[in-house]
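Below: the structure, in structure tokens.
The values are calculated or read from the model by the stated rules, or taken from the named source; none is laboratory data. Keep in mind the model is a prediction, meaning the values are calculated, not measured. All Cβ positions, even for glycine, are placed from backbone atoms using ideal geometry, and neighbour counts span all protein chains on display. Heads up: the accessible areas ignore ligands, DNA and RNA and are worked out on the full protein's heavy atoms, side chains in. Shrake-Rupley method; radii C 1.70, N 1.55, O 1.52, S 1.80 Å.
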Amino acid sequence: MDAPLYSLRMRAAAGGAHLSGAERIAAGAELPALSAEMVSRALAAGAAPDEISCRIDRLAATLPRLQLPDITTWQLPDWRTARDCARTLLCRAGVSAPAAEAALSWLASGAAPGGAVMRGAMIVDALSGARLEADPARGVRVSRMDLDPAARPTILGALAAAGLGHPRVAEAWVLAGKVLQAPGIVAELCWSDDPHYLNGYVADPCHGYQRLSPLKAAGDPRGGRALFVAAADFDLDSFCTFLEGRPLLFDRAGTIASPRPWSP
Ligand code: AMP
């Protein structure tokens with residue numbers, strides 16, 4: 001029997017606001033080093049955290065293993081052009097223009113009450129643009145997903161060879177990979193709240209994980225995620241249960257294209 005795997009989750013907060021978070025699935029022997037790495041990351045996130053929580057849960061013996069979505073990286077002259085590009089990609093995926101516009105402006109102004117950054121993702125009706133998440137400060141936290149430990153070195157090596165070795169790329173790719181499996185998903189839009197990490201992405205089931213560089217201005221501390229869903233037959237509970245609760249590993253990369261200038 002294979003050694004059991006564990007879900008390891010870290011979340012740090014300062015002044016009641018989300019500061020940083022991380023998700024891994026790993027064998028028991030890796031947990032001490034990984035949790036120390038996550039705590040170091042929380043401490044280096046900018047503000048001094050008031051609270052760092054790490055949670056470890058043992059997972060079922062057999063986990064589904066899937067292929068990650070394809071990656072494209074579009075280089076844009078500036079973040080405003082990149083937001084136009086994000087609108088285009090979202091509409092191509094089936095998001096209405098008003099819903100795309102609403103999500104872009106929520107992310108730009110802070111999607112949690114009072115203009116703060118959310119701890120998780122908004123859930124947005126892809127047609128009307130209405131927000132569906134139960135808690136607009138927390139949203140939904142995509143959790144319990146990672147690279148298969150046995151495939152990790154190969155997949156990270158392929159990313160590095162394509163010039164995409166920044167750890168945030170792998171993390172966002174895995175998160176988007178799980179989001180694209182969720183029942184009712186149409187597309188995802190994301191950019192980081194890290195003022196120094198300016199790339200973002202649009203993901204959809206047909207075109208995969210499409211990185212846009214840069215998607216925000218240097219120094220901007222706002223960011224977030226919007227998950228667009230087809231509201232007809234949509235079940236919020238099943239959607240959130242899948243994203244938060246169902247463990248998933250990725251053991252194969254999709255196609256990784258080298259970064260290139262955007263052409264519509
Ligand atoms: P990050 O890419 O880690 O900088 O996160 C960007 C934004 O995405 C954060 O400000 C949160 O609003 C949201 N977010 C971060 N982690 C998650 C997660 N695991 N699930 C859903 N949303 C997240």
How about the range 106-130: which of its residues are within 18 Å of the chain's Cα centre (by Cα) and open to solvent by 50 Å² or more (accessible area, probe 1.4 Å)?
Trp106, Arg119
Residue list for the range 223-234, restricted to those being touching a residue at least 12 places away in the same chain (Cβ under 8 Å) and open to solvent by 50 Å² or more (accessible area, probe 1.4 Å)
Arg225, Asp233
Residue among Asp220, Asp237, Asp251 that alone is farther than 26 Å from Met118 by Cα, of a type in the set (Asp, Glu) and either open to solvent by less than 30 Å² (accessible area, probe 1.4 Å) or at pLDDT 95 or above (or both):
Asp251
So for the range 91-102 (the condition being open to solvent by 60 Å² or more (accessible area, probe 1.4 Å), out of contact with any Lys or Arg (no Cβ under 8 Å at 6 or more places or on another chain), farther than 27 Å from Gly21 by Cα and among the basic types (Lys, Arg)), does at least one residue qualify?
yes
Check whether at least one residue in the range 37-53 is small (Gly, Ala, Ser), assigned to a strand (DSSP E or B) and within 15 Å of the ligand (Cβ to nearest atom), and report yes or no.
yes
Would you mind finding the one in Val169, Val174, Val140, Val179 that is in contact (Cβ under 8 Å) with a residue 24 or more places away in the chain, within 15 Å of the ligand (Cβ to nearest atom), open to solvent by less than 20 Å² (accessible area, probe 1.4 Å) and out of contact with any strand residue (DSSP E or B) (no Cβ under 6 Å at 6 or more places or on another chain)?
Val169
Within the range 120-134, identify whether any single residue is touching a Cys at 6+ places or on another chain (Cβ under 7 Å), within 29 Å of Thr255 (Cβ to Cβ) and in contact (Cβ under 8 Å) with a residue 24 or more places away in the chain, and answer yes or no.
no
